[in-house]
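S.K.: Before I ask anything, here is the structure I am working with.
The values are calculated or read from the model by the stated rules, or taken from the named source; none is laboratory data. As the structure is a computational prediction, the values presented were derived from the model and not from experiment. Reconstructed Cβ throughout: ideal geometry from the backbone, glycine too, with neighbour counts over all protein chains shown. Surface areas here come from the heavy atoms of the whole protein model, side chains and all, with no ligands, DNA or RNA. Shrake-Rupley method; radii C 1.70, N 1.55, O 1.52, S 1.80 Å.
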Amino acid sequence: MERTAVYPGTFDPITNGHIDIIERAAQMFDWVIVALAVNSSKKTLFTQDERFALAEQSLAQFGNVRVMLCSGLIVEFARQQGAAAIVRGLRAVSDFEYELQMALMNRKMVQEINTIFLMPHERYTYLNSSIIRELARYGSPTIRDFVPAIVADALVQKMSNVE
Ligand code: ADP
């Protein structure tokens, strides 16, 4: 039986921290579905189509990873996809409380789907998409250490449009 994991998030934009987690998950599961949240209440820098395209292009090297849009509850989406697990990244203790709440609530809704937490390489411990957006806003070349080249280029382009 093939095993699928769903990795949900906003990916605004996708970073090397996300990709680190996806790579680990792709080694553990037959298939990984990166579920890009569409109905998130968050206001995003990149549109849904841009976030989707950046994620897809950044993940092209993985034969068993696909990006899909997800508009409803993540556990329902995972069930529809026949997934065995939801994958989340844990960077620091500060992630833990929220993630624990979500994992327990999701398990209450769909018992057979477990949440699995993976730790990224320590170089990505302090990385998140909002820090990247902030660095890009100030034109910092450091973003290139933390996102794929196409994402860095898209950030530079986006910031020049905003100004
Ligand atoms: P959201 O904040 O909307 O859940 P994100 O796209 O920011 O979505 O994150 C999706 C998942 O990726 C979460 O589990 C988050 O903890 C994880 N994540 C984000 N950045 C990193 C990182 N640098 N290293 C490991 N996991 C990360």
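S.K.: For the chain, what is the charge dipole size about the Cα centre, in debye to the nearest 20, if Lys and Arg each add +1 at the Cβ and Asp and Glu each add -1 at the Cβ?
M.R.: Roughly 220 debye, rounded to the nearest 20.
S.K.: Of the candidates 120, 13, 141, which one comes out as most mobile in a Gaussian network treatment of the chain with C-alpha springs shorter than 10 Å?
M.R.: Residue with maximal mean-square fluctuation among 120, 13, 141: 141.
S.K.: Please sort 95-101, 61-67 by packing, taking for each peptide the average over its residues of neighbouring beta carbons within 10 angstrom, highest first.
M.R.: Answer by packing, highest mean first, reads 61-67, 95-101.
S.K.: Which order do you get for 73, 90 if you rank them by accessible area with a 1.4 Å probe, largest at the top?
M.R.: Result of the area sort, largest leading: 73, 90.
S.K.: Still on this structure, please answer the following. Helix 93-109 versus the longest principal axis of the chain: what angle, 0 to 90°, nearest 10, using Cα atoms?
M.R.: Here the helix axis deviates by roughly 40 degrees.
S.K.: Moving on to the next point. Using Cα atoms only, what is the angle between the long axis of helix 16-28 and the major principal axis of the chain, expressed in degrees (0 to 90) to the nearest 10?
M.R.: So the helix axis and the longest Cα principal axis differ by about 30 degrees.
S.K.: Next question. Give me the Debye-computed log₁₀ of I(q)/I(0) at q = 0.10, 0.13, 0.18 Å⁻¹ for the chain, equal point scatterers on Cα only, no solvent, two decimals.
M.R.: -0.36, -0.61, -1.16
S.K.: Another question, then. Could you work out what % of the accessible surface of the range 4-162 is carbon and sulfur, using a 1.4 angstrom probe and leaving DNA, RNA and ligands out of the count?
M.R.: Here carbon and sulfur together make up 52 percent of the probe-accessible area.
S.K.: Using a ≥ b ≥ c from the Cα gyration tensor of the range 1-96 (square roots of the eigenvalues), is it rounded, prolate or oblate, where a/c under 1.5 gives rounded and otherwise the larger of a/b and b/c decides, a/b for prolate?
M.R.: It is rounded, given that a/c, with a ≥ b ≥ c, falls under 1.5.
S.K.: In Å², and per residue, what accessible area does the chain have when probed at 1.4 Å with the other protein chains present?
M.R.: Accessible area per residue: 57 Å².
S.K.: Another question, then. Between the range 90-145 and the range 11-73, what is the separation of their alpha carbon centroids in Å?
M.R.: 13
S.K.: With n ≥ 4 as the cut-off for DSSP H runs, can you work out [θ] at 222 nm for the chain, using -39500 (n - 2.57) per run divided by the number of residues, rounded to the nearest 500?
M.R.: When only DSSP H runs of four or more count, the value is -13500 deg cm²/dmol.
S.K.: What order do 121, 18 take when sorted by accessible area (1.4 Å probe), most exposed first?
M.R.: The most accessible residue leads, giving 121, 18.
S.K.: A further question on this structure: Enter the angle in degrees (range 0 to 90, nearest 10) between the Cα long axis of helix 149-162 and the first principal axis of the Cα atoms of the chain, meaning the one along which they spread out most.
M.R.: Helix 149-162 and the main axis of the chain meet at about 60 degrees.
S.K.: For the residue pair residue 47 and residue 81, what label-to-label distance in nm results when each label sits 7 Å from Cα along the Cα-to-beta-carbon direction?
M.R.: Using points 7 Å along Cα→Cβ, the separation is 2.4 nm.
S.K.: Then there's this: Return the lysines within reach of residue 158: Cα separation strictly under 28 angstrom, same-chain partners fewer than 8 residues apart disregarded; answer none if there are no such residues.
M.R.: 42, 43
S.K.: Here's a follow-up. Can you list the HN-Hα couplings for the range 54-68, worked out from phi with the Karplus curve (6.51, -1.76, 1.60; θ = phi - 60°), rounded to whole Hz and with x for Gly and Pro?
M.R.: Listing the rounded values in order: 5, 5, 4, 5, 6, 10, 4, 6, 9, x, 10, 10, 9, 9, 9 Hz.
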